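Every number here is computed from the coordinates shown, using simple stated rules; none is lab data. Because the structure is predicted, anything quoted here is derived from the model rather than measured.
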Amino acid sequence: MENTRKNNGSVLLMVVFTIALLTAFVVGMLEMNTEQIQIMRNEIFAAQALAIAEAGIADAFGEIRNDSSWNAGFNNKSFGGGSYIVSRYPLTGSSDPNIISEGTSPQGYKAKVQADITIGSTSPYVIRVDQLRINE
């Protein structure tokens, strides 16, 4: 009987140690999952900002299709909960205009799209994208 009492204390110590190890493992896994979720959110918000910037480019193309000399741009035009700013450079008289759109997601993430374009000579004006740069 005396032998049984000595083993009871060591078994309890091993159980407590095992529970502590399992708790540390579970906490570590939860922390890794939380970080992965935040990384995914950041990617979603960045993609949302890029989509908003691309919407600004599409909006500018629509204006240019109607009027090839359009250069008014857009300033903080709302789209999808965010907004975009669109500029055209050089403003007029060049055969190689650039359209620059900067999109901001509702969470404040930013993206920039620049399109070097060539505009056709007859209305509705055909637009050819010669080069497209993203987040440069």
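Note on the chain: with a GNM built from Cα contacts shorter than 10 Å, the maximum mean-square fluctuation among ALA72, ALA115, ALA60 falls on ALA72. Straightening the chain between THR122 and MET40 buys 25.0 nm, computed as 0.36 nm per residue apart minus the Cα-Cα spacing. Here is the P(r) of the chain: all C-alpha pair distances, binned every 10 Å from 0, give 12, 27, 18, 10, 8, 7, 7, 6, 4, 2, 0 in whole percents. Between the Cα long axis of helix 2-66 and the first principal axis of the chain there is an angle of about 0°, rounded to the nearest 10.
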